[in-house]
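One structure is given below, encoded as C-alpha cells.
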Amino acid sequence: MSEFWLVSAPGDKTCQQTWENLNAETSRASLSTNFKFHIPDLKVGTLDVLVGLSDELAKLDTFVEVVVKKVAHYMAEVLEDTRDRVQENLLANGLDLVTYVTRYQWDMAKYPIKQSLKNISDIISKQVAQIDNDLKARASVYNNLKGSLQSLERKNTGSLLTRSLADVVKKEHFILDSEYLVTLLIVIPKASYSDWEKSYETLSDMVVPRSSKKIFEDQEAGLFTVTLFHRAVDDFKHNARQLRFMVRDFLYNEEELRADKDAKSRLASDKKKQFPMYRSDGSLRCGPIVLKPLHSFVVDAALPR
C-alpha cells in the first residue's frame, strides 16, 4: 500500500504557480509523486469557531478511523478462506483506495459548501455513527449464522453415536411400516467387526438372519443395520451392550432428515449473503445493509500511516 501525505504549500500569486513550484522542488530531489487534492472554498467562519471545532474534529477523526478498521475487519471475516483478497474489496465509490485518493473530488450534494464547517462535521459524524450501528447489526447476524452453521457441521462430523445421520441413512436401509419387524442401527468399533458378524444373530431369538449391513464408516467405527421383531428389541439392546455394541436410538423420519439438510443449506446460503457487494453507485452492500462510502477522511483513515 502506498503512503500518502497531505501537504499544505506556501501560497504564491496563483495556485497554479504554487503547484508548479512544489512539483519542481520534489522532482529535483525525487521525493514524491504529487496529485492535487481538490478542496472547495468552505465557510471558514471566525477564529473562535475554528478553535472550538478543532477538538471535535480530532475526536471525529479517531472515531472514523476506528469504524473504517471495523469495516475492513468485517470484510476479512466474511471473506474467510479468500481473505487475501481484502485489499481488492476495500473500495471507495467503486474505486481502489489509491485511485480514489489521487482523483479525489468533493461531493457537493452530500456536503454542501454553503453549510458551516460545524454542520458539515455533524453530517459526517451522523453518517459514521449510522455505519457503525449498521455494521454492529450485520456482524451480529453474521456471527450468529456462523455459530449455528459450525454447530450443525460439528453434528455432522462427530462420533457415530451422536452425529446427525441426515447424510448417512437412506430409506432403503430400513424396514418401515411393518407390524412385526423393525430395523435398528448399531455402532460397532472397527476392531469388533468380525465379532459382530459372528454374534449378532444370536443376541436375541428373533433376529432376521443375514440382515445386518454396514452402511457407513468413519475412522473409529462403522454403522450397521440389523432387522428383528419388535418384541425382541429390549432383549437385543441389553445383550448388545454386554459386548460393547452400541444400539443407537434412531427412528427414520424422512421429513425430519430433510429438515436437517435444509437447515444446513439455508444457513450456508444466509451466511453467503453477508459477503460484501458493491452497488453501481459504489456503495458497499452487506446483505440488506448499505454502507455508504465517506470521503477523504475515511480513505485517509484506512491507509497505513
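The values are calculated or read from the model by the stated rules, or taken from the named source; none is laboratory data. Just so you know, these numbers come straight off a predicted model, no measurement behind them. Backbone-built Cβ (ideal geometry, glycine too); neighbour counts: all protein chains shown. Note: accessible area is taken over every heavy atom of the protein model, side chains too, but ligands, DNA and RNA are not part of it. Shrake-Rupley method; radii C 1.70, N 1.55, O 1.52, S 1.80 Å.
Please name all residue pairs, on different chains or six or more residues apart, with Cβ atoms under 7 Å, provided the first residue is in the stretch 194-216 and is on the phi < 0 side of the Ramachandran plot and the second residue is in a loop (DSSP other than H, G, I, E, B) and open to solvent by 50 Å² or more (accessible area, probe 1.4 Å).
Asp195/Leu243; Ser199/Leu243; Glu201/Pro209
Only residues that are more than 17 Å from Arg103 (Cα to Cα) and open to solvent by 70 Å² or more (accessible area, probe 1.4 Å): list them for the stretch 22-44, please.
Glu25, Ser27, Arg28, Ser30, Leu31, Asp41, Lys43, Val44
Looking at the structure I just gave you, is Ser54 of a type in the set (Ser, Thr, Tyr) and either assigned to a loop (DSSP other than H, G, I, E, B) or open to solvent by 100 Å² or more (accessible area, probe 1.4 Å) (or both)?
Here the answer is no, as Ser54 does not meet what is asked.
Look at the stretch 213-232 and say how many of its residues are open to solvent by 20 Å² or more (accessible area, probe 1.4 Å) and not acidic (Asp, Glu).
Qualifying residue count, the stretch 213-232: 8.
Of the numbered conditions (1) over 25 Å from Asn34 (Cβ atoms); (2) over 14 Å from the mean Cα position of the chain (by Cα), Ala92 fails exactly one; give the number of that condition.
Exception for Ala92: condition (1).
So which residues in the stretch 245-258 are at pLDDT 70 or above, outside any strand (DSSP E or B) and surrounded by 13 or more Cβ atoms within 10 Å (Cβ to Cβ), if there are any at all? Break it down into steps so the answer makes sense when it comes.
Keep residues of the stretch 245-258 that are at pLDDT 70 or above, which gives 245-256, 258.
Going one step further and asking which of them are outside any strand (DSSP E or B), we end up with 245, 249-256, 258.
Of everything in the stretch 245-258, those that are at pLDDT 70 or above, outside any strand (DSSP E or B) and surrounded by 13 or more Cβ atoms within 10 Å (Cβ to Cβ) turn out to be Phe245, Phe250, Tyr252.
For the structure I just gave you, tell me whether Ser125 is open to solvent by 20 Å² or more (accessible area, probe 1.4 Å), part of a helix (DSSP H, G or I) and touching a residue at least 12 places away in the same chain (Cβ under 8 Å).
Numbers: open to solvent by 20 Å² or more (accessible area, probe 1.4 Å): yes; part of a helix (DSSP H, G or I): yes; touching a residue at least 12 places away in the same chain (Cβ under 8 Å): yes.
When the stated conditions are applied, Ser125 passes them.
Hey, can you tell me all the residues within the stretch 187-203 that are under 20 Å from Leu161 (Cα atoms) and basic (Lys, Arg)?
Selection gives Lys190 alone.
List, please: which pairs have Cβ atoms under 8 Å, are six or more places apart or on different chains, and start with a residue in the stretch 25-49 that is among the aromatic types (Phe, Trp, Tyr) and end with one that is open to solvent by less than 60 Å² (accessible area, probe 1.4 Å) and not in a helix (DSSP H, G or I)?
Qualifying pairs under 8 Å: Phe37/Tyr104.
Could you please give the count of residues in the stretch 196-212 that are in a helix (DSSP H, G or I) and open to solvent by 80 Å² or more (accessible area, probe 1.4 Å)?
Start the filter on the stretch 196-212 by keeping residues that are in a helix (DSSP H, G or I), which leaves 196-202.
Of the ones still in play, those that are also open to solvent by 80 Å² or more (accessible area, probe 1.4 Å) are 197-198, 202.
Qualifying residue count, the stretch 196-212: 3.
Determine whether Val71 is touching a helix residue (DSSP H, G or I) at 6+ places or on another chain (Cβ under 8 Å), modelled with pLDDT under 90 and open to solvent by less than 70 Å² (accessible area, probe 1.4 Å).
Working: touching a helix residue (DSSP H, G or I) at 6+ places or on another chain (Cβ under 8 Å): yes; modelled with pLDDT under 90: yes; open to solvent by less than 70 Å² (accessible area, probe 1.4 Å): yes.
Criteria met by Val71.
Would you pick out the residues in the stretch 79-102 that are outside any strand (DSSP E or B) and touching a residue at least 40 places away in the same chain (Cβ under 8 Å)?
Leu79, Gln87, Asn89, Leu90, Asn93, Gly94, Leu97, Val98, Tyr100, Val101, Thr102, listed by residue number.
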